[in-house]
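For reference, the structure is listed below as structure tokens.
What follows is calculated from the coordinates using simple rules that are stated; it is not laboratory data. Predicted, not measured: the structure shown is a model, and the values here were computed from it. Neighbour counts run over all protein chains shown; Cβ positions are idealised from the backbone, glycine included.
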Amino acid sequence: MAHLERTRITAAAYFASADYARETLLQLVDGMVIAEMAPIPQHQAIVREILVLFTLRARLTGGRAYAAPVDVYLDEYNVYQPDVLYLTADSACVVGEKRLVGAPDLVVEVLSPSTARLDRQVKFNAYEAHGVAEYWLVDPLYQVVEVWCQGGAGRLLRQGVYGVEDHFTSVTLGEVISVAGVLTG
């Protein structure tokens, strides 16, 4: 059986690549370039609802909200494009001319069959290691939002898994969130 070698590259090589110059749905995950398909309408509707929620909150608090595609440089081997992210007014994440640098305060990934494993494992570990304060995994198939928050010692602890009838409090936003409002975009 033939063995296919995968070459790990740095962020500098990634940003200089021809693929990066012409594609918008690329991410650098643990040194590997990952190309994604365009999201389906349901995915985009959920992203829209969360972005509106975050934008309204940002207007009140001086924070900032972004939706993919926007590059988030975590380290030389990890440059992600979270579906939605939120930066508090005093965020340590730096908004540069071409990308964000550092961990956003709140990151949301809307799961799809092709990305769920990556979002739950590899990206989860990187977000945790880089100090993301709150991480939401939105699962349109099972109609749930799984919420993780910093629990000390640099670890994300699961706050809970919330169904369409539930509400939860976002520590980062300081606001009660309706799961139905997020999922019924």
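The table for this structure:
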read-out	value
Helix-only mean residue ellipticity at 222 nm for the chain, each DSSP H run of n ≥ 4 adding -39500 (n - 2.57), per residue, nearest 500	-7000 deg cm²/dmol
Nearest-ten-degree value, helix 41-61 long axis tilted from longest Cα axis of the chain	70
Cα coordinate range in the chain, projected on the principal axes (Å, largest first)	50, 38, 34
Per-selection Rg to Rh, the stretch 109-149 - Cα, Kirkwood hydrodynamic radius	0.96
Point-to-point label distance, Ala45-Ile9, nm (Cα→Cβ direction, 7 Å offset)	3.7
Taking the C-alpha atoms of the stretch 1-88, convex hull volume expressed per residue in Å³	121
Residue among Leu51, Asn125, Gly181 farthest towards the positive dipole end of the stretch 39-183, charges placed on Cβ	Leu51
Where chymotrypsin sites (Phe, Trp or Tyr not before Pro) fall in DSSP loop in the stretch 49-102, at most 16 other Cβ within 10 Å	Tyr77
About the Cα centre, charge dipole magnitude for the chain (Lys/Arg +1, Asp/Glu -1 at Cβ), debye	140
Charge dipole (debye, nearest 20) of the stretch 89-185; +1 at Cβ of Lys and Arg, -1 at Cβ of Asp and Glu	380
GluC sites (Glu not before Pro) within the stretch 48-97, DSSP loop, no more than 15 other Cβ atoms inside 10 Å	Glu76, Glu97
Radius of gyration, Dmax [the stretch 109-182; alpha carbons; angstrom]	12.1, 33
Ascending count of other beta-carbon atoms within 10 Å, so fewest first, for Val144, Val29	Val29, Val144
